[in-house]
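K.L.:
The following block contains the structure, expressed as C-alpha cells.
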Amino acid sequence: MTAKRNYAGISAKYAGIDEAKVVLIPVPYDGTSTWQKGADKGPEAFLDASENMELYDIETRSEVYKKGIYLAPPISENSSPEKMVESVHKTTKNYINQDKFVTLFGGEHSVSIGSIRAFSESFEDLTVVQIDAHADLRPSYDGSKCNHACAVHEASKNTNLIQVGIRSMDSSEVEHMDEGRTYFAHDLYEDWMEDAIGQMTSNVFITIDLDAFDPSILPSTGTPEPGGLFWYETLDFLKLIFKKKNVVGFDIVELCPNAEEKSSDFLAAKLYYKMLTYKFYSDRISTEDEF
C-alpha cells in the first residue's frame, strides 16, 4: 500500500488534519483552457517541487510548516465546469467550517470561482485581490459561466475586487471592470501598493494566476503575457497585505508544467510557502518596522 503523501515531505507530526492549522486542496482541473493545455498537471509539479525546497525561511527566520499543513485529497470532479466549481465550493466551505486556514492549488483559473464563492459566503465584506495578467471578467465564455475567462466575474459583483498586473483583456470586459481598483501592469506608479491596500476591507482573499509573473521568470503557464510582475515586487505587495489585513485564504492557479523547465514549478512552490510564512509570521508582529 502506498504511504499517504504529505505536503513538502513534512513529518506526519505536522501533516494530520486534527493538528494542522493549514489545509491545502489540490484541484487538477483543465477543462476550459483554450490555448496550451496542461494546468491539470500543475498541482503534481508544485508538490514535487515543494518536496525539494528548503523549509527554513531566511527573511523571517521561521519554519511555517510547523504550524501544520494538511494535504487534502485532490478534487477530481471534471464532468463539467459547473460540477467542478460546485465541488470546489463545497470542499472549501467544509474546511473553512473546521476553522482551518484554507488554501488551494489549481488547475486553471475557473477553480477560483468555487473557492471565492466559499470564502465570500464565510467572511463578511470580503475583498478579493486578483494578481493576474488577464482581466477574467467575462460573464460567460464558450457556453459556460464557469470558464477560466470568467474567473472573477462573480467576484466583481459580490465582493470588493482589486485587480493587479492586468495587461490583457477583451473589449467586452470593460463594462465589468472598476478601473479605479485596477492596477495595470504598464502603469504601476511609485505608491500603487499603499493605494491598493487602502482600498481593501479587513478580510482579504488572494487569487494568484501565475501568468501575472513576467514570462522571463515564469514561462510555464498556459497563456504567458510579456511585461509581467517580478519576484521581489510581488513579495513586497503580498507582505503588505498580510501585515495590514486579515488574509482569510488564497489560491494559486495556472501552472502548466514543462518537463524541460522546472524553475516555474519551484517559483510556485516558493510562492506558496512564502505566503504561508507571511500569514503566520504577521500574527507575531507588534510594530510596523519589524516586518
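K.L.:
Determine, from the Cβ-Cβ distance of Glu44 and Asp99 and an R0 of 45 Å, the FRET efficiency 1/(1 + (r/R0)^6), rounded to the nearest 0.05.
P.N.:
Numbers: r = 28 Å, r/R0 = 0.63.
Calculated transfer efficiency: 0.95.
K.L.:
While we're looking at this one, here's another question. What FRET efficiency would be calculated for the residue pair Glu194, Ser79, taking the C-beta separation as r and a Förster radius of 35 Å, to the nearest 0.05?
P.N.:
0.20
K.L.:
Relative to the Cα centre, what is the charge dipole magnitude of the range 7-286, using +1 at the beta carbon of each Lys and Arg, -1 at the beta carbon of each Asp and Glu, and rounding to the nearest 20 debye?
P.N.:
1020
K.L.:
For the chain, what's the relative contact order in percent, using C-alpha pairs closer than 8 Å and at least 6 residues apart?
P.N.:
Over the chain, the number comes to 22 percent.
K.L.:
Which ordering of Arg138, Arg181 is given by a fewest-first count of other beta-carbon atoms within 10 Å?
P.N.:
Arg181, Arg138
K.L.:
Tell me which chymotrypsin sites (Phe, Trp or Tyr not before Pro) from the range 31-89 have a DSSP coil assignment and no more than 16 other beta carbons within 10 Å of their own.
P.N.:
Within the range 31-89, the qualifying chymotrypsin sites (Phe, Trp or Tyr not before Pro) (loop, at most 16 other Cβ atoms within 10 Å) are Trp35, Tyr56.
K.L.:
Could you derive backbone 3J(HN,Hα) for the range 15-22 from the dihedral phi with the Karplus parameters 6.51, -1.76 and 1.60 (θ = phi - 60°), listing whole Hz in sequence and x where the residue is Gly or Pro?
P.N.:
10, x, 5, 5, 8, 6, 7, 10
K.L.:
For the range 266-273, what does the Karplus curve 6.51 cos²θ - 1.76 cosθ + 1.60, with θ = phi - 60°, yield as ³J(HN,Hα) per residue in whole Hz, taken in order and with x for Gly and Pro?
P.N.:
6, 4, 4, 5, 5, 4, 4, 5
K.L.:
Lys157 to Ala12: extension gain in nm, 0.36 nm per residue of separation minus the Cα-Cα distance?
P.N.:
Stretched fully, the Lys157-Ala12 segment lengthens by 48.1 nm.
K.L.:
Cut-off 10 angstrom, C-alpha nodes, Gaussian network model of the chain. Which of Ser33, Ser140, Ser79 fluctuates the most?
P.N.:
Ser79
K.L.:
In what order do His186, His89, His148 fall by count of nearby beta-carbon atoms within 10 Å, going from fewest to most?
P.N.:
In order of increasing Cβ crowding within 10 Å: His186, His89, His148.
K.L.:
For Ser62, enumerate residues with amide H under 5 Å from its amide H, sequence gap 5+ or separate chain, H modeled in the peptide plane.
P.N.:
Under 5 Å from the amide H of Ser62: Asp57.
K.L.:
To continue, here is another question. From the backbone phi of the range 101-116, what are the Karplus-calculated ³J(HN,Hα) couplings (6.51 cos²θ - 1.76 cosθ + 1.60, θ = phi - 60°) in whole Hz, Gly and Pro given as x?
P.N.:
My calculation for the range 101-116 gives 7, 9, 10, 9, 10, x, x, 7, 6, 4, 3, 5, 4, x, 5, 4 Hz in order.
K.L.:
Just to be sure I understand the model, the point goes 7 Å from the Cα along the line to the Cβ. What's the resulting His186 to Ile58 distance in nm?
P.N.:
Taking the two extended label points, one gets 3.6 nm.
K.L.:
For Glu51 and Glu86, compute 0.36 nm times the residue count separating them, minus their Cα-Cα distance, and round to one decimal in nm.
P.N.:
Length gained between Glu51 and Glu86: 9.6 nm.
K.L.:
Could you pull out the pairs from Lys4/Lys41; Lys145/Lys245; Lys100/Lys245 whose alpha carbons sit more than 21 Å apart here? Each step should come with its number before you reach the end.
P.N.:
On the way: Lys4/Lys41 19 Å; Lys145/Lys245 30 Å; Lys100/Lys245 18 Å.
Flagged as over cut-off: Lys145/Lys245.
K.L.:
Moving on. Efficiency by 1/(1 + (r/R0)^6): what FRET value for Asp178 and Tyr232, r their Cβ-Cβ distance, R0 = 30 Å, to the nearest 0.05? Walk me through the numbers on the way to the answer.
P.N.:
Numbers: r = 28 Å, r/R0 = 0.92.
With a Förster radius of 30 Å, E is 0.60.
Each value in this text was obtained by applying a stated rule to the coordinates, not by laboratory testing. Predicted, not measured: the structure shown is a model, and the values here were computed from it. Note that we place each Cβ from the backbone using ideal geometry, even for glycine, and neighbour counts take in every protein chain shown.
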